[in-house]
Amino acid sequence: MALKKEGHSTDSSDQKIQQDKFSPLESKKLEKKTEIESQELEASKDNNEEGFLNFGFNESILSSLRNKGYKNPTPIQKAAIPELMLGRDLLGQAQTGTGKTAAFALPLIERLKDNKELNAKVLVMTPTRELATQVAESFKSYSSESSNFKTVAIYGGTDYKNQISALKRKVDVVVGTPGRIMDHIRQGTFKIKHISCLVLDEADEMLNMGFLEDIEWIIDQLPENKQMVLFSATMPNEIRNIAKKYLNDPAEILIKSVKKETQLISQKFIYVQRHHKLDALKRILEINREGVIIFVRTKLLTISIAEALENSGHTVAVLNGDIPQNQRENTVDRLKKGFIDILVATDVAARGLDVERIKLVVNYDFPFDKETYTHRIGRTGRAGRSGEAILFVNQREKYFLRNLENSTRTKIEEINIPSNKTINEKRMEKLIDNVNKSSLAQEENEENKALIIDVLDSLKEKHSMDDSNIAMAAINLVIGNKAFFVNEDDSWIHKQNNTERNRSNRNGNNRFRNTNRRNNYQNDSYETYKFNFGKFDGVRVANIISSICNATNINGRSIGKIQIFNDYSLVDLPRDLHRETKNKLKRIKLRN
Ligand code: AMP
């Protein structure tokens, strides 16, 4: 059985779905577009809530959902699943964090469960290998109880061998990035003639990265009569055009969660001069030691910061574009399991990272743009949890801060670098808490309790110690030989805070006084590069973006203005590029 479109009518067993306001019949009758104002992963508010029971999923899917702890569908799942179960095309506007992966994965798994065909039936295209791995992992976990259901991820930056041998065996779903998918199709190692559903995930991101031509090429190779699903965080005209061109009478779903997406994240900023940044970071990590991700601009910086933190006793790992894919996966896994507490990452390397344990995001370097910022802080506050984000701002960047607040329509609250006093109070609080917890735990452990009583008796008898002597000695043992309280010179923190405060007061308490410079963000932090190719070489903006992104670790979104002239092009790129990146730029080739 292929994943054929089954029309939009529902039979009597779908009675409940027909009554639902998101049923295909209903949505066609009223308006094609379903708009839902929703908070991220907000539980459904129906009175007679039956979780996932109404979608017609078989027991193996329901059981995997129970294992994952999903109780109710999120709004996007509630709206999209019935449509996709019927084989309808779908155009969805939703951000990550809304549960959109399950919204398309679950119905596709359900509809493929009895399919005996060996070659792939569903293809999911994603902009990055990180997202490809994540989506493939989701398919695997949702189908973990479905017998012999196979998902394979294919993406660049890794060996072809394993991917080819996985594609040779039975496979149901292939998730991959456009370039590698094209390679496998061209080499004949990815058999596509049974693909009956194509999902474009984060389509706007794929477009930003210049993948439009590749996507269109792939779509043209696939069988004609297939279901098409397109998810995008934003809906620019280019995406609408793709939808118009390839989707057939799609159900349209808009999850308006843009503003609320980050509302569970408490956003703060700290004024810190460049040369005090590392010190400030260490002080913050005194307060939050676990589940932290630190964003920096260059690969080199990820390494030097990680080393410095490791020397201060933290368990740290690095995530940057130079780290091989399998090692990155291993790092994320160790972070999830708690073997690593802190990750120092570049933007590209951490794209799509979904680790519930992350409680704090530190923007060590100011993000290039609003999207990068939103993406960074979205690494915390996952799956409805709360999180905290701290942004380092220097004197020059405070003007950008105003822009950021305006464009994200969020007030970012100022906090101070933790002083010795704050850190010491925190250490004390933690020590008391640990001793208290240990006392409670010991109550429950009869075996240890007997041993401890023996030790106490022995200390009292042989060494004539009383209760308070023993308690003091025990606590001393916990503290260790190192000085317990920080005693470093922290006068620079007080000085810095006072200077900033005075400056703000002098200017009518407006920390963003110089509004004329508001737009200088672009000019200040970008410089123009000249490339020796232009209109005569048939170059387009998308080619330039994808070549730069592929050759370097520059994020597509941080590329500024692009002007293409007859035989050369001018491209605005971030000013602080590393020498290695600049060298890579020199060697860029366009369309061979
Ligand atoms: P996504 O938007 O697909 O990236 O999903 C964001 C997070 O929400 C992931 O960690 C999912 O595991 C989780 N999630 C998805 N659907 C549900 C649900 N119905 N209930 C609880 N968590 C969910």
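Key figures for this structure:
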| item | result |
| --- | --- |
| Scope the range 172-189; condition modelled with pLDDT of 95 or more and in contact with a strand residue (DSSP E or B) (Cβ under 7 Å, 6 or more places away or on another chain); matching residues | Asp172, Val173, Val174, Val175, Gly176, Ile181, His184 |
| Test for Lys244: is it modelled with pLDDT under 90 and basic (Lys, Arg) | no |
| Residue list for the range 154-182, restricted to those being over 17 Å from Ser196 (Cα atoms) and of a type in the set (Val, Ile, Thr) | Ile154, Thr158, Ile164, Thr177 |
| Residue in the range 370-391 that is farthest from the ligand (Cβ to nearest atom), counting only those that are surrounded by fewer than 24 Cβ atoms within 10 Å (Cβ to Cβ) and modelled with pLDDT under 85 | Lys370 |
| Unique match (being crowded, with 18+ Cβ neighbours inside 10 Å and not in a helix (DSSP H, G or I)) among Asp576, Asp572, Asp567 | Asp572 |
| Conditions (1) surrounded by fewer than 19 Cβ atoms within 10 Å (Cβ to Cβ); (2) within 16 Å of the ligand (Cβ to nearest atom): number failed by Ile415 | (2) |
| Condition met for Val229 (at pLDDT 95 or above and in contact with a Gly (Cβ under 9 Å, 6 or more places away or on another chain)) | yes |
| Residue within the range 510-528 that is modelled with pLDDT of 80 or more and either loosely packed, with under 13 Cβ neighbours inside 10 Å or outside the structural domain of Ala345 (by TED's automatic domain parsing) (or both) present | yes |
| Strands (runs of 3 or more DSSP E) (entirely within the range 66-171) containing at least 1 residues that are within 13 Å of Phe231 (Cβ to Cβ), at pLDDT 90 or above and away from the ligand (no atom under 13 Å from the Cβ) | 90-93, 122-125 |
| Exclusive hit being small (Gly, Ala, Ser), modelled with pLDDT of 90 or more and closer than 20 Å to His578 by Cβ, set Ala317, Ala350, Ala345 | Ala345 |
| Unmet requirement for Asp489, which otherwise passes all of (1) surrounded by 13 or more Cβ atoms within 10 Å (Cβ to Cβ); (2) outside the structural domain of Glu388 (by TED's automatic domain parsing) | (1) |
| Residue identified as in a helix (DSSP H, G or I) and either at positive phi or over 27 Å from the mean Cα position of the chain (by Cα) (or both) among Lys244, Lys191, Lys282 | Lys244 |
| Helices (runs of 4 or more DSSP H) lying entirely in the range 409-500 (those with 1 or more residues that are under 21 Å from Ile390 (Cα atoms) and touching a Pro at 6+ places or on another chain (Cβ under 9 Å)) | 420-444 |
| Looking only at the range 379-403, and only at residues there that are of a type in the set (D, E, K, R) and in contact (Cβ under 8 Å) with a residue 40 or more places away in the chain, the one that is nearest to Ile287 (Cα to Cα) | Glu388 |
| Among residues of the range 347-364, those that are surrounded by fewer than 22 Cβ atoms within 10 Å (Cβ to Cβ), of a type in the set (Asp, Glu) and touching a strand residue (DSSP E or B) at 6+ places or on another chain (Cβ under 7 Å), counted | 0 |
| Some residue of the range 50-64 being charged (D, E, K, R), within 12 Å of the ligand (Cβ to nearest atom) and modelled with pLDDT under 95 | no |
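Residue-by-condition table, conditions (1) closer than 19 Å to Ile181 by Cβ; (2) without any contact (Cβ under 8 Å) to a residue 40 or more places away in the chain; (3) surrounded by fewer than 24 Cβ atoms within 10 Å (Cβ to Cβ); (4) among the charged types (D, E, K, R):
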position: Gln77; (1), (2), (3), (4): no, yes, no, no
position: Ala80; (1), (2), (3), (4): no, no, no, no
position: Leu86; (1), (2), (3), (4): no, no, yes, no
position: Ile109; (1), (2), (3), (4): no, no, no, no
position: Thr126; (1), (2), (3), (4): yes, no, no, no
position: Tyr155; (1), (2), (3), (4): yes, no, yes, no
position: Ala166; (1), (2), (3), (4): yes, yes, yes, no
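The values are calculated or read from the model by the stated rules, or taken from the named source; none is laboratory data. Owing to the predicted nature of the structure, the values given are computational and were not obtained by experimental measurement. Positions of Cβ are backbone-derived with ideal geometry, glycine not excepted, and every protein chain shown enters the neighbour counts.
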